[in-house]
Amino acid sequence: MPEGTVLAFDYGEKRIGVAIGESTLTQAHPLAVIKAQDKAGRLKAIGELIQEWQPKQLVVGLPTHADGTPHAMTALCRSFAGLLSSAFSLPVAFADERLTSCDAESRLRETGRNTKKMKPLLDAVAAQLILQTWFDTHAPTS
């Protein structure tokens, strides 16, 4: 795992949740939600985050069915990852995102927040969980 800042993405057709973390600390934090509807708007918003945070690694959540088999969103996320790689010349990794949205909703509910009002935050928290999963599976072993 490269040392430095890592940005993670919870890709959706309407919104993209973004999380940030440092590989040396291996702690993920929600960062933003991108709401641009077209590819150009999304890339512009992502480019601004990359410019600001200077990540060394990007991570994209890879959704699959519960048994690990791919579905329609799996292909869209792989395509999004390819777009990130070619547009920003940064390494892109995948992290299993099964159940992250459910987990994010549960965590928000535990804080007493109304999940309907917090829908945008839900995507950033899902990205946080994706990044934390990636950190946990790529952390150096002692």
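Data table
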{"read-out": "Extension gain, S85 back to Q27 (0.36 nm per residue minus Cα-Cα distance, nm)", "value": "18.6 nm"}
{"read-out": "Label-point gap, in nm, between K35 and E52 - each point 7 angstrom along Cα→Cβ", "value": "1.6"}
{"read-out": "Cleavage-rule hits, GluC sites (Glu not before Pro), the range 1-102, DSSP coil, Cβ neighbours within 10 Å at most 13", "value": "E3, E13"}
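All of the numbers you see were taken from the coordinates with simple rules; none came from a lab. Everything quoted here is computed from the prediction, not taken from an experiment. Glycine also receives a Cβ, built like all others from the backbone with ideal geometry; neighbour counts cover every protein chain displayed.
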